[in-house]
Amino acid sequence: IDELLSEGVAGKRVFVRADLNVPLDGTTITDDGRIRAVLPTVEALAGAGARVVVASHLGRPKGAPDPAFSLAPAAARLGELLGADVAFATDTVGESATATVAGLTDGQVAVIENLRFNAGETSKDDAERGAFADRLAALADIYVGDGFGAVHRKHASVFDLPARLPHYAGYLIATEVGVLRKLTDDVRRPYVVALGGAKVSDKLAVIDELLGKADRILIGGGMAYTFLKAQGHEIGTSLLQEDQLAAVREYLERAEKNGVELVVPVDTLVAAEFPDMKTKAPADPATVAADAMPAGQMGLDIGPETRKLYASKLADAATVFWNGPMGVFEHPDYAEGTRAVAQALVDSPGFTVVGGGDSAAAVRTLGFDENAFGHISTGGGASLEYLEGKTLPGLAALED
Ligand code: 3PG
């Protein structure tokens, strides 16, 4: 983007593909981290006199307008953060978008409605995606890719549109890639990775890759119970991905062969039921050893011994990557595991990276100072796929 700015953008219509996919409670944004993350790019372009068209997806609407997934709250928040009026188009490539972009003056910013209100955005069919990208291209002279959280998606605005316009990477993408490169090329050791979240299946590919790269991998969250089951423990009614058991067993064996410490919880908090997330009523969980989980009870967070163990495994790390909460952190009775891992990163003298999505939201909702971490990525799936060594469509499209 510095190259673009030095060439001059005054009066040019610049399409910024951002990731404004923020968590919402109704129309209230509960974490605006992703909006703040794109400010440097938008401010630099607007400050240089560009007519800035910001576009993003939000949630997973079904290819048609759906008010529950409107970008209007995100556009309003962007305006507040910029301290400027931000125009909002109520469609993506229709009359409202065309008129809104035509009405922009130099240095003004507009947000167009959710890209996924159009089936062409996410279509698997190249021609359908291409046709939608053609319509988006008509709104702009230049493309800036800055939606790091979506670069792993082969979607029209991420992959097909940059091929139709002069294209550049924004500041956020440059920062994110710079940080993740430190984890893939010549990483400082010990390199410790903490992985949580509900599903093993989301993390299999990254574990596969990390078994050749990391020194230690700490497992938490719902997926830990599939690991415990694979080790032969009873896990009551805990989350289990039975179809992943064979893969997990193979990983446990490979970790031993490769000299990678693959660490699973030694104790866990259990209850008979999943907590009520609306009322957040006290759940009164019991603490049990991981090899003594009672039938009829489910594990919902790592236990106190595991918290201590994981903190000690993180203490001497030179590099840490953390993705995925250790428990149902949104409920106060199950937040301690996630809090302990976040605290261990804060206390770590090493370079610490929080990988997007739920873990980034957890850090902020649990009240941690963002500046206490080396980097908080805006990309959950995107940062994982980067670490898996995959070619990411949204980065490949900017590279040529
Ligand atoms: C994310 O939240 O990880 C990104 O915004 C991508 O969203 P998606 O998983 O719905 O494509």
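All of the numbers you see were taken from the coordinates with simple rules; none came from a lab. Keep in mind that this is a model prediction, so the values were computed, not measured. Neighbour counts run over all protein chains shown; Cβ positions are idealised from the backbone, glycine included.
Relative contact order for the range 1-142: 29 percent, from Cα pairs under 8 Å spaced at least 6 residues apart, divided by residue count. Among DSSP bridges having both ends in the range 1-128, what percentage is antiparallel? Round to the nearest 5. Percentage antiparallel, nearest 5: 15. The calculated pair-distance distribution of the range 285-338 uses every alpha carbon pair, bins of 10 angstrom beginning at 0, and gives 22, 48, 25, 5, 0 percent. How far is helix 126-137 tilted off the main Cα axis of the chain, in degrees rounded to 10, range 0 to 90? It is inclined by approximately 50 degrees. Its convex hull of Cα atoms gives the range 231-375 a direction-averaged projected area, equal to a quarter of the hull surface, of 9.3 nm².
In terms of its Cα atoms, the range 155-223 spans 43, 28, 18 Å along the principal axes, sorted from long to short.
Between D31 and A318, the simple spin-label model (points 7 angstrom out along Cα→Cβ) gives 3.0 nm. Evaluated at q = 0.21 Å⁻¹, a Debye calculation over the C-alpha positions of the range 289-400 (equal weights, vacuum) places log10 I(q)/I(0) at -1.13. Working note: Karplus 6.51/-1.76/1.60 with θ = phi - 60° gives the range 98-108 the couplings 4, 5, 4, 5, 5, x, 5, 9, 4, x, 8 Hz, where Gly and Pro are set to x.
The angle between the Cα long axis of helix 171-184 and the main principal axis of the chain comes to about 30°, on a 0 to 90 degree scale. I'd like the orientation of helix 72-82 relative to the chain: the angle between its Cα long axis and the longest Cα principal axis, in ° from 0 to 90, rounded to 10. The angle comes out at about 80 degrees. Two numbers describe the Cα atoms of the chain: Rg and Dmax, which are 22.2, 67 Å.
List the relative contact order of the chain as a percent without decimals, with contacts defined as Cα pairs under 8 Å and 6+ residues apart.
Numbers: 877 pairs, mean separation 59.9, N = 400.
With pairs under 8 Å counted, the relative contact order is 15 percent.
For D267, the amide hydrogen comes within under 5 Å of the amide hydrogens of A290, G303, T306, counting only partners 5 or more places away or on other chains and with H modelled in the peptide plane. Within the chain, DSSP assigns beta bridges of which about 20% are antiparallel (rounded to the nearest 5).
How large is the translational diffusion coefficient of the range 310-365 in µm² per second when you combine the Kirkwood radius over alpha carbon pairs with Stokes-Einstein at 37 °C and 0.692 mPa s? Rounded, D is 292 µm²/s. Against the empirical curve 2.2 N^0.38 Å, the C-alpha radius of gyration of the range 73-154 lands at a ratio of 1.15.
Summing +1 for each Lys or Arg and -1 for each Asp or Glu among the other residues whose beta-carbon sits under 11 angstrom from that of A10 gives 0.
First measure r as the distance between the Cβ atoms of D2 and A396, then evaluate 1/(1 + (r/R0)^6) with R0 = 22 Å and state the FRET efficiency to the nearest 0.05. Kindly include the intermediate steps, with their values, before the conclusion.
On the way: r = 21 Å, r/R0 = 0.95.
That gives a FRET efficiency of 0.55.
Using a simple spin-label model with pseudo-atoms 7 Å out from Cα toward Cβ, E250 and A281 lie 4.5 nm apart.
Taking the Cα centroid of the range 213-274 and of the range 109-172, what is the distance between the two, rounded to the nearest whole Å? Distance between centres, Cα-based: 39 Å.
Over 30 Å apart at the Cα level, from the set K257/K390; K182/K278; K154/K229; K154/K313; K12/K154; K124/K257, are K182/K278; K154/K229; K154/K313; K124/K257.
Fewest neighbouring Cβ atoms within 10 Å first, the residues D185, D141, D146 line up as D185, D141, D146.
Charging the Cβ of each Asp and Glu at -1 and of each Lys and Arg at +1, and nothing else, the dipole of the chain about its Cα centre rounds to 220 debye. Calculated translational diffusion coefficient of the range 181-276 (25 °C, 0.890 mPa s; Stokes-Einstein with Kirkwood radius over alpha-carbon pairs) equals 174 µm²/s. Taking other C-beta atoms within 10 Å as the exposure proxy, I217, I112 rank I217, I112 from fewest upward. The convex hull drawn around the Cα atoms of the range 1-152, when projected onto a plane and averaged over every direction, covers 8.4 nm².
Within the shell defined by Cβ-Cβ distances under 14 Å, the residues around D91 carry a net charge of -2, with Lys and Arg each +1 and Asp and Glu each -1.
Does the range 23-100 come out rounded, prolate or oblate, given a ≥ b ≥ c as the square roots of the eigenvalues of its C-alpha gyration tensor, rounded meaning a/c under 1.5 and, failing that, prolate meaning a/b above b/c? Oblate is the answer for the range 23-100, as a/c is 1.5 or above yet b/c matches or exceeds a/b.
Translational diffusion of the range 247-326 was estimated from the Stokes-Einstein equation, with Rh taken as the Kirkwood radius over Cα pairs; at 25 °C and 0.890 mPa s the coefficient is 166 µm²/s.
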